[in-house]
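Beneath this line is the structure, given in structure tokens, with notes to follow.
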Amino acid sequence: MLAGATMAGAGAQSRSEDEESLGVKDVKRTATQAFGISVPKRRSSSRSIKRKKFDDELVESSLVKSSSRVKGPPVIEPVRCSGSEPSSSEKKKVTKSGMALTLPLTMVVNPAPITKRVKKSKQPLHITKDLGRWKPTDDLLLINAVLQTTDLTSVHLGVKFSCRFTLREIKERWYALLYDPVISKLAWQAMRQLHPEAIAAIQSKALFSQAEEGLLANIGSTSQPKLDVFQELLSKHPSVFHPSRTPKSLLVHWQLLKQYYLLDDQSVQPLPKGDQVLNFSDAEQMVDDVKLKESRDEVLEHELMISDRHQKKEIRQLEQELPRWQVLVDSITGMSMPDFDNQTLAALRGRMVRYLMRSREITLGRATKDKPIDVDLSLEGPAWKISRKQGIIKLKNNGDFFIANEGRRPIYIDGRPVLSGNKWKLNNNSVVEIAGLRFVFLINLELISLIKAEAAKMTPQ
């Protein structure tokens, strides 16, 4: 052993400065020679390397790997020895450093601890998966709901979790929180990390217990309670209500109870017995029509009264204009001779309408809004070629009828044209044609004969 040490000292004096970086390799070699431990060769990859590494690069890469894996004091210190022969104290240091080197090398080479780490990391996979589905907010909601209702079925129906859970999943989660120490510990740690505002929001969504709904049901449905009533209820029963309850939340829940007829003074009408089910028509017959009458709408009644007044006013105006009308237009039912009354002097009958002449002078033409006329020829047909005042029919004292043309276009009497400014006598059954519209002039001979007789009596006087 001593000869080996002297040979190692002589070899160290002959080394050059460039080979001092390989001290780790010599230290490993001396350690193996001293303790007789065989170090396995370093495994290299079978893949092709683009460029060959030099010796110093290989040493540096191995040093980086060993420093990242091996814990403890650095191993390079014993390598930097002086050029003199090592003493006995230095030999002891070398042997101690060799012992320190062999332990971490065996730990690096031995693959047993690596497999144990992999197994430990694989153990909580199921737990983390379960925690990923059940969030801390869901666990807090579940705990609050169970404490309020003590019924997992009510929790399944009334609580809205982050995702849809079945009743079986809710039961399994509740039992895991109670009896599984790993899951309960992890869930408790996750819930403690929640923000206080998130915790307050979750607690405000807690279900109402039967005792809370019993106190709220005592308030009458006919009353209209305010927030002061619910504040007083909270102060009287602090142990019954959840700490997160507010007067506004109690008011909202009381309105829901009233909507679904769950208050103490409310009752739901039972369904009719037997096979007959009440339908809409049966319910409509049972409704009292008197109760359905709407209240009087004063605005609507006022508008109806004003429109009624306008209509009555128009009717009065028409009644006042009736005596002024000198010609009445009636529908023609046939081509037979008309039946004249005691006031009709003559009639101008067309294809569609009949104009009755009840005054000694009437005007013919096309009526407009600003200029009314006695006989509106546009009722018979197209009158866009007829003047507004086309002509005048006049009865003289001797019983003769004359027509005067006042328009631009001629008037044809029995085929003879009467130009503008001229007159022509009308006989019984004379055909009058104005701008393509044809009429037959019929005279009430009995009335005209009476007029002639009276005129004859007045002449001798």
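For this structure, a couple of remarks:
- Flag if Thr115 is open to solvent by 50 Å² or more (accessible area, probe 1.4 Å) and at pLDDT 50 or above: no
- The listed residue being of a type in the set (A, V, I, L, M), in a loop (DSSP other than H, G, I, E, B) and closer than 16 Å to Pro247 by Cα, out of Leu215, Leu207: Leu207
- Residue selected from the range 355-396 under the condition within 60 Å of the chain's Cα centre (by Cα) and in a helix (DSSP H, G or I), by the criterion surrounded by the most Cβ atoms within 10 Å (Cβ to Cβ): Ser378
- Within the range 403-456, the set of residues being part of a helix (DSSP H, G or I) and either out of contact with any Ser or Thr (no Cβ under 8 Å at 6 or more places or on another chain) or exposed (fewer than 12 other Cβ atoms within 10 Å of the Cβ) (or both) comprises Leu445, Glu446, Ile448, Ser449, Leu450, Ile451, Lys452, Ala453, Glu454, Ala455, Ala456.
- One residue alone among Ile202, Ile183, Ile170 is in contact (Cβ under 8 Å) with a residue 60 or more places away in the chain and out of contact with any strand residue (DSSP E or B) (no Cβ under 8 Å at 6 or more places or on another chain), and that residue is Ile202.
- Test: Thr153 is without any contact (Cβ under 8 Å) to a residue 24 or more places away in the chain, touching a helix residue (DSSP H, G or I) at 6+ places or on another chain (Cβ under 8 Å), open to solvent by 40 Å² or more (accessible area, probe 1.4 Å) and farther than 24 Å from Leu256 by Cβ: no
- Of all residues in the range 440-458, exactly one satisfies the criterion of being within 14 Å of Asn397 (Cα to Cα), in contact (Cβ under 8 Å) with a residue 24 or more places away in the chain and among the charged types (D, E, K, R), namely Lys452.
- All conditions in (1) touching a residue at least 40 places away in the same chain (Cβ under 8 Å); (2) open to solvent by less than 20 Å² (accessible area, probe 1.4 Å); (3) within 26 Å of Met458 (Cα to Cα) hold for Asn342, with the sole exception of (2).
The values are calculated or read from the model by the stated rules, or taken from the named source; none is laboratory data. Quantities reported herein were computed from a predicted structural model and do not represent experimental measurements. With ideal geometry, Cβ positions are generated from the backbone for all residues, glycine too; neighbour counts draw on all protein chains shown. When the accessible area is computed, the model is the full protein with side chains, heavy atoms only, and any ligands, DNA or RNA have been set aside. Shrake-Rupley method; radii C 1.70, N 1.55, O 1.52, S 1.80 Å.
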